[in-house]
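The values are calculated or read from the model by the stated rules, or taken from the named source; none is laboratory data. Here the structure is a predicted model, which is why all the values come from computation and not from measurement. Quick reminder, even Gly has a Cβ in these numbers, built from the backbone with ideal geometry, and neighbours come from all protein chains shown. Quick note on the areas: whole protein, heavy atoms, side chains included, nothing else; ligands and nucleic acids left out. Shrake-Rupley method; radii C 1.70, N 1.55, O 1.52, S 1.80 Å.
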Amino acid sequence: MRAGTTQRHVSFIESGRSTPGRSMIIRLGESLEVPIRERNELLLAAGFAPVYPQTRLDDPQLEPIRTALERILHGHLPYPAVVVDRHGDLVSANTAFHVLTAGVAPHLFVPPVSVPRMLLHPQGLAPRIVNLDEWAWHIIDRIKDESARNPDDQLQRLACELTDLAPSRPRESPEHLGFAVPLRLRAHDPADDRELTLITTLTHFGTAIDVTIAELRLEAFLPADQTTSAMLAELLER
């Protein structure tokens with residue numbers, strides 16, 4: 001129904017009795033919420049040319065997109081925010097994110113910079129994460145889910161790498177609500193015994209028809225309490 005066709009026609013396509021046209025493939029892909037990278041592969045498999053371009057992010061025609069993203073990152077200050085690609089590699093970050101990651105080993109900033117790796121690496125933020133057992137598996141499960149929806153060797157390798165770095169998965173109690181928990185982070189300064197409590201949001205382009213743009217994600221870290229809000233403002237001011 002969502003694709004504007006009949007059960008009979010879809011059955012014929014599935015059984016090979018009917019060959020779908022270009023517009024039908026696009027409608028089916030859209031109805032099933034198939035990522036547009038894979039929609040191009042469906043079109044190729046059916047003998048049609050891909051219809052969704054994949055433009056380099058540094059291409060001049062994407063200048064308005066880059067400008068919009070930088071404005072969003074700047075507008076999120078004093079709270080940290082990053083833009084990542086489909087593998088979690090850093091595309092851009094605001095100043096507050098660099099403040100948050102102070103003390104991270106320089107080799108973790110060598111491009112391509114993996115934000116999940118930076119979070120969970122023992123020379124990254126991991127030693128400062130109070131609830132590392134819960135947070136690590138929250139990150140790993142999210143990567144595995146993404147890899148299951150959109151199979152990708154690089155994501156699978158990253159999930160395996162992070163699993164080796166993570167502590168044992170915490171035992172679930174009857175009251176377990178999942179691992180989508182706030183990030184509890186110690187201050188970088190050992191003399192500062194305060195703790196940052198952050199929640200995250202993920203945003204993506206909902207109407208993108210370019211593969212590169214569709215795969216970008218804006219991850220924003222928001223304060224879960226007033227103390228954290230004040231600390232982030234103070235750290236950024238310094």
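Given N residues in segment 130-223, what is Rg(Cα) / (2.2 N^0.38 Å)? Spell out each step's value before the answer.
On the way: Rg = 15.9 Å, N = 94, 2.2 N^0.38 = 12.4 Å.
In units of the 2.2 N^0.38 Å rule of thumb, it is 1.29.
Please list the non-local residues whose amide H lies under 5 Å from the amide H of VAL130, H modeled 1.01 Å from N, same-chain partners needing a gap of 5 or more.
ARG184, LEU185, ARG186
Cut-off 10 angstrom, C-alpha nodes, Gaussian network model of the chain. Which of SER168, SER11, SER114 fluctuates the most?
Maximum among the listed residues: SER11.
How much accessible area per residue does segment 1-132 have, in Å², with a 1.4 Å probe? Could you put the intermediate results ahead of the total?
Working: 7380 Å² over 132 residues.
Computed with neighbouring chains in place, this is 56 Å² per residue.
Ignoring any ligand, DNA or RNA, what whole percent of the accessible area of segment 145-238 comes from carbon and sulfur when the probe is 1.4 angstrom? Walk me through the numbers on the way to the answer.
On the way: 3040 of 5870 Å².
About 52 percent, which is the carbon plus sulfur part of the accessible surface.
Taking 0.36 nm per residue of sequence separation and subtracting the Cα-Cα distance, how much length would be gained by fully extending the chain between ARG22 and HIS138, in nm to one decimal?
Values: separation 116, 0.36 × 116 = 41.76 nm, distance 3.90 nm.
Using 0.36 nm per residue and subtracting the Cα-Cα distance, I get 37.9 nm.
Could you please state how large a percent of the accessible area of segment 1-103 is carbon and sulfur, counting protein chains only and using a 1.4 Å probe? Show your work: numbers first, answer last.
Working: 3340 of 6200 Å².
Whole-percent figure for carbon plus sulfur exposure: 54.
Can you order the peptides 14-26, 131-143 by their average number of other Cβ atoms within 10 Å per residue, highest first? Working shown, then result.
Numbers: 14-26: 13.1, 131-143: 19.3.
Taking the mean over residues of other Cβ atoms within 10 Å, the ranking is 131-143, 14-26.
Compare ILE13, ILE65, ILE129 in a GNM of the chain, Cα atoms joined below 10 Å, and give the one with the largest fluctuation.
It is ILE13.
Run the helix sum for the chain: -39,500 (n - 2.57) per DSSP H stretch of 4+ residues, divided by residue count, reported at 222 nm to the nearest 500 deg cm²/dmol. Before the final figure, lay out the partial values.
Working: 10 runs with 101 residues, N = 238.
Only helices count here, giving -12500 deg cm²/dmol.
If you place +1 on the Cβ of every Lys and Arg, -1 on the Cβ of every Asp and Glu, and leave all else neutral, what size is the dipole of segment 53-121 about its Cα centre, to the nearest 20 Debye?
160 debye
Order of 206-217, 53-64 by packing, highest average Cβ count within 10 Å first? Spell out each step's value before the answer.
Details: 206-217: 15.8, 53-64: 11.7.
Result, highest mean Cβ count within 10 Å first: 206-217, 53-64.
With each label point set 7 Å from Cα along the Cα-Cβ vector, what nm distance links ASP85 and ASN131?
3.2 nm
Pop the C-beta distance of HIS107 and ALA46 into the FRET formula with R0 = 45 Å and round what comes out to the nearest 0.05. Walk me through the intermediate numbers first.
Values: r = 45 Å, r/R0 = 0.99.
Computed FRET efficiency for HIS107 and ALA46: 0.50.
Using alpha carbon coordinates only, what is the Rg to Rh ratio of the chain, with Rh defined as the Kirkwood radius? Numbers along the way, then the final one.
Values: Rg = 21.1 Å, Rh = 20.2 Å.
Here the Rg-to-Rh quotient is 1.04.
Nearest 10 degrees is fine. How inclined is helix 63-75 to the longest principal axis of the chain, computing both from alpha carbons?
It is inclined by approximately 30 degrees.
To the nearest 10 degrees, how steep is helix 153-165 against the longest Cα principal axis of the chain, on a 0 to 90 scale?
30 degrees
Where Rh is the Kirkwood radius over the Cα pairs of segment 97-171, the temperature 25 °C and the viscosity 0.890 mPa s, what D in µm²/s does Stokes-Einstein return? Mind dumping the intermediate values first?
Values: Rh = 12.9 Å.
After rounding, the answer is 191 µm²/s.
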